[in-house]
Structures are given as structure tokens and as C-alpha cells.
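Values in this text are rule-based calculations from the coordinates and carry no lab data. None of these values were measured; they are calculated from a predicted model. Positions of Cβ are generated from backbone atoms using ideal geometry, with glycine treated the same way; all protein chains shown enter the neighbour counts.
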Amino acid sequence: MIFYHPDLDFRFSEYGIDIPIVDDRAFSVFNHLKKIDPSLSYFDPNLTPKITMSDLLLVHQKDYLDRLFGSEAELEYEMLSCYELIDQTGNYHRYNPKLAEKKFKDALAVILKQIGMTYYSTKFSLDHGFSYFLGGGMHHAMSFAGRGFCLLNDIVITIRKLQKENLIKTAWVIDVDAHKGDGTAELTARDPSIVTMSVHMKEGWPLDSGSVRDPWFIPCNVDIGIDVGEESEYLNKLRVGLNELDKNYPRPDVVIIVNGADPYEFDELPSTEKLKLTREQLLDRDTLIYNFLLDRKIPQSYVMAGGYGKKSWEIYFQFLKFVWESSSKRSEISSR
Ligand SMILES: [Zn+2]
């Protein structure tokens, strides 16, 4: 099942923010999919579960949440720092408040809706085996602050909320975004019920030195750093990582896949340039994870995470097309 509604899109340009996430990347994926599966329809945004303060407190520190939901100036400060909108000289960077049509308070409301959708979609996967939310994946958000375009960590909020409701006990997070999932790692460091794996650029933001001694290197249970020029080894390393999870940790009740498209060779965010996978390599990446979890009958829930520029929609689309084709084949075989 694919979950999408345009109201759930976070359109940076509406807030005067100039980050090359194409505002309509999720919309493009949805529309291209609709051409092959006309039965696809928008999710009714009124059904999005409300995320409450007590949900957020399962993950984030109270003083950080007090600032986010405090005065307009406090929220503005948190947004400017999370979306890196001020440079070292104190001037606006990639940000022009004069172009903003909406307030940061509206942005916060959309982000809360996205968290609600990640939760809803993951809950759906528990009964149906697979779900994909065309949004979410805010894996850099830490307990104490937002970071790297991620204000609140929808992934860990979802898992802790499902745990609290006794719907799951354990979860894995498989993060294949180009940037290391450092927020998820920080939030789950002392939580054995959530096992994390991150496959990321070995060197480059948030790991500026590329060393495990980097102050921002917060370990996951399994970390796979891909060095510059190691693209041809990517799939093998991913396979080794998946086998390590399989061997060393009990089967989880659900897996959330942080399905970033930013390792793509045509990604337009400068900080992703140290990892350049082709379209084919990315399809192999996604089908490897999909089949690994399908073979083990582990529910899999996907979120979009990073993917910047005009071509990023292609990566999400090719994978969802594969899922659609292979699941229609399976149902054809079982109905015979
Ligand atoms: Zn990323």
C-alpha cells in the first residue's frame, strides 16, 4: 500500500527556503505510479492520526519541545538552525523570508502530519507486510534538537508509539540514505529493543572527518561506511550488513526502511557528491532489502528521506513499480 496526499508534502519554497528538494517529488512518484495502477488513490488526510505531546516526549527532550511549541521567535531559531539557514557570518543562507507565503508554525503542523503518516503507514504494514509512505524519514533529528533538515524523528516516534500501544515489541531501522542516520542512532543508543543499521557515505556530512573518532559519529548497531569510489562494492557490503542483522539479532516485529534516494549519481545536493550510485544499483539496493524481508516474512515500512533535484523521483518510482509488478505476479500465482 502506498500512502500519499499532497497536503502531507513539505514544500520548502512556501517558507522561503531554497533547498533543492523538488517540492513535487512525491507527487511525481504518485502520478507515474497511477499510470500503471489506476486504482491508486490519495489517502484521506483527515484520517491522519494526531501526534500528541506525549508521543513526542517518547523521543525528544521536553526543553526542546517547549522551544518548538513556544514563542514564534523560539520556533524560528530552531527552524533556522535545523534547516541550516544562517551562515557562519550570521547572514541568511538558502533563505529569503520575503518569499515566504506561510509561517514556520504551518511548517511544524505539516511535519506533525508527516509523523502521523509514518506511524499510520507502519501500523498498516504490521497486518499487510508492506507499506510505503511518500514522505517522512527525518533521521537526523536528535533528542535535544533538530538537525540536517529533520526537525522531529518520525521513525523513532513511530516505533516507540507502537511499542507503547503493545502492537510491537522490537524493530529494526535499515537506513540507506546517503547521510548517516545519526539522530536515530542517538535516540536508540541505549534501547536494545530497536536495532539500527546505517549504510552511508564514510566521509562527508554528518561525518566530516570520515573517522569513527568524529564527534558526530554516533554508532548504530551496524554501520557501513562507503568510501569515495567504492560504489561497485555497495551491494556486497549491504548484503553483509543484512546478514549480520539476521545472525546477531532476533527477528523484529517490524522494519522501517529509511529509503533515501540521495546516493543517486544525479542527486543535486552538494553534500551527497561522495556517493554516486546508478539507477540500476539503486534498484538492486532496494530489491535486495525488499526480498530479504519478504523471505523472512518481516513487515516492512518505507519512508522517503533525502532525495534532491529533478531526477530523484525516478529512484522511488522504479522500486515501487517493481513492488507492484512482483506483488501482482504473486497474487496471480496464488489465485490459480
Ligand atoms: Zn540524506
FRET E, pair Asp63, Asp7, Förster distance 35 Å, beta-carbon r, rounded to 0.05: 0.70
Within segment 121-192, trypsin sites (Lys or Arg not before Pro) in DSSP loop having at most 16 other beta-carbon neighbours inside 10 Å: Lys169, Arg190
Nearest-0.05 FRET efficiency for Asp44 and Lys247, computed from C-beta distance (R0 25 Å): 0.05
Gaussian network model of the chain, Cα within-10 Å springs - most flexible of Tyr290, Tyr77, Tyr132: Tyr77
Highest-fluctuation residue, Ser41, Ser198, Ser301 considered, GNM on the chain with Cα pairs under 10 Å: Ser41
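Over 25 Å between Cα atoms, which of Lys34/Lys98; Lys34/Lys310; Lys34/Lys237; Lys123/Lys321 qualify? Working shown, then result.
Values: Lys34/Lys98 36 Å; Lys34/Lys310 19 Å; Lys34/Lys237 34 Å; Lys123/Lys321 22 Å.
Exceeds cut-off: Lys34/Lys98; Lys34/Lys237.
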Max mean-square fluctuation residue, GNM over the chain, Cα-Cα springs under 10 Å, options Asp227, Asp44, Asp267: Asp44
Cβ-Cβ FRET estimate between Ser232 and Ser271, R0 fixed at 25 Å, reported to 0.05: 0.65
Spread of Cα-to-Cα distances over 20 Å intervals beginning at zero, given as percent, for the chain: 33, 61, 6, 0
